[in-house]
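See structure below.
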Amino acid sequence: MYLCSMFKNLLQTIDNPSDLRKLEPLQLPQLAQELRNFIIDIVSAKEGHLGASLGVVELTIALHYIFDTPNDLVVWDVGHQAYGHKILTGRKSKFYSNRQLGGISGFPKRSESEYDTFGVGHSSTSISAALGMAIASQLNGENKHHIAVIGDASISSGMAFEGLNHAGVTTANLLVILNDNAIGIDPSVGALKNYFTSIKNKKNHNKNNIITSLNFDYSGPIDGHDFNALIAELKRLKALDGPKFLHVVTTKGKGLQQAEENQVTYHAPGKFDKITGLIHDKKNENLCPKYQDVFGLTLVELATTNKKIIGITPAMPTGSSLKFMMNRFPERAFDVGIAEQHAVTLAAGMATQKMIVFCTIYSTFIQRAYDQIIHDVALQNLPVIFCVDRAGLVGEDGATHHGVFDIAFLRCIPNMIIYAPKDTIDLRNILYTASLGLQNPIAIRYPRGKSSILNWQKPFKKIKIGVAKNLKKGLKIAFLSTGTIANNVSNAINEIKSKDAIAHYNFGFIKPLDLKLLHKIFKKYQKILTIEDGTIMGGFGSSIIEFAINNNYKNEIKVLGIPDEFIEHGTVEELQKLCKIDVQSLKLILLEWA
């Protein structure tokens with residue numbers, strides 16, 4: 001077991017919230033310090049989301065102290081801030097396994113604990129979920145409290161307002177707690193953020209604001225690190241019926257100076273020194289750029305000579321590297337907040353006016369704008385360029401964040417082009433090609449993390465739409481890949497003795513397929529393997545099977561990719577092995593087939 005040096009005193013005596021409630025109020029600040037130290041101790045060595053959990057330590061303790069959890073139901077929005085909650089609800093001894101293969105999840109998860117009342121990972125769901133619970137409790141005749149804890153970035157999302165709008169016309173026993181720290185992963189943006197800031201600065205009258213207009217009992221803002229204020233107000237609100245709203249002001253990263261001063265970096269800092277807070281130098285680190293940085297830097301290069309290029313991201317300027325364009329061309333680069341639907345339709349509106357719009361959204365989050373992609377972009381055949389970041393398996397964030405569904409759900413949309421670059425040079429060239437103007441929308445999907453190419457800034461080359469490439473000739477078997485997983489295929493082929501038998505073709509374009517080349521492949525090779533870092537069902541491999549059926553080919557086809565199940569957390573390498581798409585698994589498959 002991983003032993004924490006601070007695993008003693010009050011925290012050592014607490015295994016669940018009933019133990020917590022035995023403490024005197026004067027003991028809670030000591031517990032808060034121990035809990036912070038425990039989180040810092042383990043996250044510094046094991047990595048994870050740090051700043052958000054440090055910021056809500058007092059709030060977390062106060063909620064479990066005042067309310068009768070798990071009978072009373074607490075829903076955490078997104079879940080980055082739930083480490084303290086997990087430690088206090090029976091998972092202290094397991095917390096060392098957080099986000100590791102076979103360990104506990106980095107987010108609240110219903111199958112993990114009865115205290116995790118709702119599975120989260122994406123933002124802005126807590127109010128709707130808690131309201132649903134509250135209405136159900138009413139119908140069941142149960143006297144329970146229902147609490148949604150949501151951040152100032154998440155509450156700006158449309159779904160959060162839909163929940164507030166509904167809750168305000170009910171008598172549901174719902175308490176919404178706004179954890180206002182003025183930052184999500186990046187600093188919060190938008191008029192609503194400015195509004196809450198003005199409330200904090202007492203420029204607005206607290207009794208006549210947006211929240212009270214929605215029929216909530218509004219209170220605050222109060223200091224989220226002051227136990228006396230928290231406990232007094234939670235007790236008061238506990239005695240009130242109907243929709244209630246508590247505005248709590250916190251500091252993300254509270255208790256670790258570097259995390260307070262560098263809130264973006266310390267959202268998930270990697271390994272760091274638990275005493276000094278300094279992030280460890282990554283010696284001998286791969287100096288090749290991240291795919292995200294290649295996107296961001298290439299976009300700046302393109303935008304320098306083309307004033308019609310626009311960049312849009314929903315709340316991920318740092319993660320997507322759109323920050324490079326925002327710094328260079330702020331009038332043409334937009335962070336619209338956690339608003340994926342708005343981002344897509346905003347891009348569509350700009351495209352109607354002949355702008356060349358690069359809309360960069362993580363694969364897992366573009367799911368939230370599916371209707372807008374179909375109705376507002378593809379149906380009108382507007383040439384929006386979707387840069388689908390974090391495609392494929394993303395690692396330790398797990399099932400809520402893997403970008404494995406985009407091929408399947410985008411491939412069925414008419415007019416949509418889908419491209420998966422093999423490497424960063426390929427990514428650079430497809431961005432250039434798209435910037436020249438297309439007749440259709442395009443989705444360019446690329447993975448999280450670093451590439452294997454150091455010198456990627458080559459002269460631009462235009463890519464011909466719908467053309468695949470033969471990477472290696474072979475005699476007996478054709479291996480068809482798409483995207484960066486092609487590197488696993490190449491490595492596997494090179495490590496077997498019978499490599500001359502294997503031909504390798506890479507299909508950058510998943511849609512439209514290179515039909516001319518496919519006919520040649522199916523006529524030459526009886527055995528065909530396909531591979532992708534997306535779902536087997538409905539993905540690239542499915543399109544190859546459809547081609548075979550439609551053209552009456554009888555070749556033996558084996559489809560490799562993500563199986564029909566939700567993949568949990570672990571390193572990308574571990575998860576590829578589970579899905580049998582790692583190099584070693586591919587070698588074994590080829591040895592069986594060759």
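The values are calculated or read from the model by the stated rules, or taken from the named source; none is laboratory data. Remember, predicted model here, so these are calculated numbers, not experimental data. Cβ sites come from the backbone with ideal geometry, for glycine too, and all protein chains shown count toward neighbours. With ligands, DNA and RNA removed, areas are computed over all heavy atoms of the protein, side chains included. Shrake-Rupley method; radii C 1.70, N 1.55, O 1.52, S 1.80 Å.
Go through Y96, Y115 for me and flag whichever is surrounded by fewer than 18 Cβ atoms within 10 Å (Cβ to Cβ) and not β-branched (V, I, T).
Numbers: Y115 fails: surrounded by fewer than 18 Cβ atoms within 10 Å (Cβ to Cβ).
Exactly one of Y96, Y115 is surrounded by fewer than 18 Cβ atoms within 10 Å (Cβ to Cβ) and not β-branched (V, I, T), namely Y96.
If you scan region 201-231, which residues turn out to be modelled with pLDDT of 90 or more and part of a loop (DSSP other than H, G, I, E, B)?
Once the filter is applied, which keeps residues that are modelled with pLDDT of 90 or more and part of a loop (DSSP other than H, G, I, E, B), region 201-231 yields L214, N215, F216, G224, H225, D226.
A32 - would you say it is open to solvent by less than 30 Å² (accessible area, probe 1.4 Å) and more than 24 Å from K109 (Cβ to Cβ)?
Taking the combined requirement at face value, the residue satisfies it.
Which of the residues belonging to region 152-171 are surrounded by 22 or more Cβ atoms within 10 Å (Cβ to Cβ), at pLDDT 95 or above and not in a helix (DSSP H, G or I)?
none
Determine which member of the set L31, L23 is touching a residue at least 40 places away in the same chain (Cβ under 8 Å) and of a type outside the set (D, E).
L23
Mind listing whichever residues of region 526-536 are more than 20 Å from K472 (Cα to Cα) and either open to solvent by 10 Å² or more (accessible area, probe 1.4 Å) or touching a Leu at 6+ places or on another chain (Cβ under 9 Å) (or both)?
D533, T535, I536
Could you say whether any residue in region 286-302 is closer than 20 Å to R428 by Cβ, open to solvent by less than 20 Å² (accessible area, probe 1.4 Å) and not in a helix (DSSP H, G or I)?
Yes: region 286-302 contains one or more residues that are closer than 20 Å to R428 by Cβ, open to solvent by less than 20 Å² (accessible area, probe 1.4 Å) and not in a helix (DSSP H, G or I).
Just the residues that are closer than 19 Å to A486 by Cα and over 31 Å from the mean Cα position of the chain (by Cα), please, taken from region 546-571.
Scanning region 546-571 gives a single hit, I557.
Could you grab the pairs with beta carbons closer than 8 Å, sequence gap of 6+ or different chains, first residue in region 86-100 and within 20 Å of G270 (Cα to Cα), second one open to solvent by 10 Å² or more (accessible area, probe 1.4 Å) and outside any loop (DSSP other than H, G, I, E, B)?
Taking only residues 6 or more apart or on different chains, the pairs are Y96/K46; N98/K46; R99/K46; Q100/K46.
Any idea how many residues of region 431-456 are open to solvent by less than 60 Å² (accessible area, probe 1.4 Å) and part of a loop (DSSP other than H, G, I, E, B)?
Here the count works out to 10.
Considering only residues that are among the small types (G, A, S) and crowded, with 22+ Cβ neighbours inside 10 Å, look in region 349-366 and name the one that is farthest from S320 (Cα to Cα). Please lay out each step first, then the result.
First, pick out the residues of region 349-366 that are among the small types (G, A, S): 349, 351, 363.
Going one step further and asking which of them are crowded, with 22+ Cβ neighbours inside 10 Å, we end up with 351, 363.
Numbers: A351: 21, S363: 11 Å.
That would be A351.
Quick check, is A232 among the small types (G, A, S) and in contact (Cβ under 8 Å) with a residue 12 or more places away in the chain?
So A232 fails the test.
Yes or no: L101 surrounded by fewer than 22 Cβ atoms within 10 Å (Cβ to Cβ) and of a type in the set (A, V, I, L, M)?
Yes, satisfied.
Please go through region 367-385 and pick out each residue that is open to solvent by 60 Å² or more (accessible area, probe 1.4 Å) and more than 22 Å from the chain's Cα centre (by Cα).
H375, L379, Q380
Could you grab me the full set of residues in region 537-560 that are among the aliphatic types (A, V, I, L, M), open to solvent by less than 30 Å² (accessible area, probe 1.4 Å), assigned to a helix (DSSP H, G or I) and without any contact (Cβ under 8 Å) to a residue 40 or more places away in the chain?
The answer is A548, and nothing else.
Tell me, yes or no, whether region 125-140 has at least one residue that is modelled with pLDDT of 95 or more, assigned to a loop (DSSP other than H, G, I, E, B) and closer than 23 Å to G398 by Cα.
Checking region 125-140: at least one residue is modelled with pLDDT of 95 or more, assigned to a loop (DSSP other than H, G, I, E, B) and closer than 23 Å to G398 by Cα.
Tell me which of these D389 doesn't satisfy, since it passes every other one: (1) open to solvent by 50 Å² or more (accessible area, probe 1.4 Å); (2) under 16 Å from H122 (Cβ atoms).
The single condition D389 does not satisfy is (1).
So which of G449, G534 is at pLDDT 95 or above, closer than 30 Å to L302 by Cβ and not aromatic (F, W, Y)?
Going through G449, G534 in turn, the sole match is G534.
To keep it simple, each residue is scored yes or no on (1) within 23 Å of N286 (Cα to Cα); (2) assigned to a loop (DSSP other than H, G, I, E, B); (3) charged (D, E, K, R).
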residue: K458; (1), (2), (3): yes, yes, yes
residue: K464; (1), (2), (3): no, yes, yes
residue: L471; (1), (2), (3): no, no, no
residue: L475; (1), (2), (3): no, yes, no
residue: L480; (1), (2), (3): no, no, no
residue: N487; (1), (2), (3): yes, no, no
residue: I493; (1), (2), (3): no, no, no
residue: I510; (1), (2), (3): no, no, no
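Could you list, ordered by first residue, the pairs with Cβ atoms under 8 Å in which the first is in region 493-513 and within 13 Å of A594 (Cα to Cα) and among the hydroxyl-bearing types (S, T, Y) and the second is in a helix (DSSP H, G or I) and open to solvent by 30 Å² or more (accessible area, probe 1.4 Å), at least 6 apart or interchain?
S498/L591
Within the bounds of region 178-187, is there any residue that is open to solvent by 30 Å² or more (accessible area, probe 1.4 Å), assigned to a loop (DSSP other than H, G, I, E, B) and hydrophobic (A, V, I, L, M, F, W, C)?
yes
Would you mention how many residues in region 487-525 are open to solvent by 60 Å² or more (accessible area, probe 1.4 Å) and among the acidic types (D, E)?
Count: 2.
Of all residues in region 561-583, which are part of a helix (DSSP H, G or I) and either open to solvent by less than 100 Å² (accessible area, probe 1.4 Å) or touching a residue at least 40 places away in the same chain (Cβ under 8 Å) (or both)?
Restricting attention to region 561-583, the residues satisfying the condition of being part of a helix (DSSP H, G or I) are 572-578, 583.
Listed by number, the residues that qualify are V572, E574, L575, Q576, V583.
Can you name every one of the strands (runs of 3 or more DSSP E) wholly within region 328-424 that holds 1 or more residues which are closer than 30 Å to G106 by Cα? If you could, list the steps in order and put the result at the bottom.
Working: elements: 333-335, 356-362, 385-389, 417-419.
Result: 333-335, 356-362, 385-389.
In this structure, does G168 turn out to be without any contact (Cβ under 8 Å) to a residue 24 or more places away in the chain and out of contact with any strand residue (DSSP E or B) (no Cβ under 9 Å at 6 or more places or on another chain)? Give the derivation first.
Working: without any contact (Cβ under 8 Å) to a residue 24 or more places away in the chain: no; out of contact with any strand residue (DSSP E or B) (no Cβ under 9 Å at 6 or more places or on another chain): yes.
No: the conditions fail for G168.
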